[in-house]
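Beneath this line is the structure, given in structure tokens, with notes to follow.
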Amino acid sequence: MNPFRTGKLVLFQITYERDWHFFEVMFYVILGIFGGLYGAFVVKFNLQVAAFRRKHLANHGVAEAVTLATLTAMIGYFNRFLRLDMTSSMAILFRECEGGGNAGNLCQSPAQWRISNSLLLATIIRIGLVVISYGCKVPAGIFVPSMAIGATFGRMVGIMVKAMEK
């Protein structure tokens, strides 16, 4: 089976060659806590956006979609992790540093703090965009954007752990 014509059974298949270390468990817990808080945040604020949408934007679906698309393009243009489409961005962020995974110079030590700041900003902006865009009249999901948020936050944590280890 080759459903995505990538040679993989699933769209985002990740293979790591190295084992994890015990000290990394704490950071996996941090990632899990972030995921839970992200879910609670999105649900809470998306309910408020949905109420606003029902009250004020019910008859203006096209204008809302155009506004969201324009806002997303204008905000995303200035961050390289938002400029790419989400699946390409995740493919870059999921790679290991060793073995040709240095796409976008993610693994260069001199640029680690600049990249971490850019990833944190991308995470925050994506969360905001998910909150306001989920439930729009244009059919879209929440699964891939949530994975992209997890990828940007996870890579940021990974870069910071690598910096602390050295």
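The values are calculated or read from the model by the stated rules, or taken from the named source; none is laboratory data. All values reported here derive from a predicted model rather than from experimental measurement. Cβ: placed from backbone, ideal geometry, glycine included. Neighbour counts: every protein chain shown.
Selection of the range 17-47 for residues being surrounded by 11 or more Cβ atoms within 10 Å (Cβ to Cβ) and farther than 17 Å from Y134 by Cβ yields E24, F27, Y28, I30, L31, F34.
A Cβ distance below 8 Å, combined with a sequence gap of six or more or placement on separate chains, defines the contacts here; from the range 61-87, residues that are of a type in the set (K, R) reach residues that are in a helix (DSSP H, G or I) in the pairs R80/G104; R80/S118; R83/G76. Considering only residues that are of a type in the set (F, W, Y) and either touching a Cys at 6+ places or on another chain (Cβ under 8 Å) or in contact (Cβ under 8 Å) with a residue 12 or more places away in the chain (or both), which ones fall in the range 1-46? Of everything in the range 1-46, those that are of a type in the set (F, W, Y) and either touching a Cys at 6+ places or on another chain (Cβ under 8 Å) or in contact (Cβ under 8 Å) with a residue 12 or more places away in the chain (or both) turn out to be F12, Y16, F27, F34, Y38, F41, F45. Of all residues in the range 146-165, one or more are surrounded by fewer than 19 Cβ atoms within 10 Å (Cβ to Cβ), outside any loop (DSSP other than H, G, I, E, B) and among the acidic types (D, E). Of the residues making up the range 124-145, just one is closer than 26 Å to K55 by Cα, modelled with pLDDT of 95 or more and surrounded by fewer than 18 Cβ atoms within 10 Å (Cβ to Cβ), namely G128. Does the range 51-60 contain any residue that is surrounded by 15 or more Cβ atoms within 10 Å (Cβ to Cβ), modelled with pLDDT under 95 and not polar (S, T, N, Q)? Among the residues of the range 51-60, at least one is surrounded by 15 or more Cβ atoms within 10 Å (Cβ to Cβ), modelled with pLDDT under 95 and not polar (S, T, N, Q), which makes the answer yes. Give the residue that is farthest from I127 (Cα to Cα), with candidates limited to residues of the range 1-48 that are among the β-branched types (V, I, T) and modelled with pLDDT of 95 or more. In this case the residue turns out to be V29.
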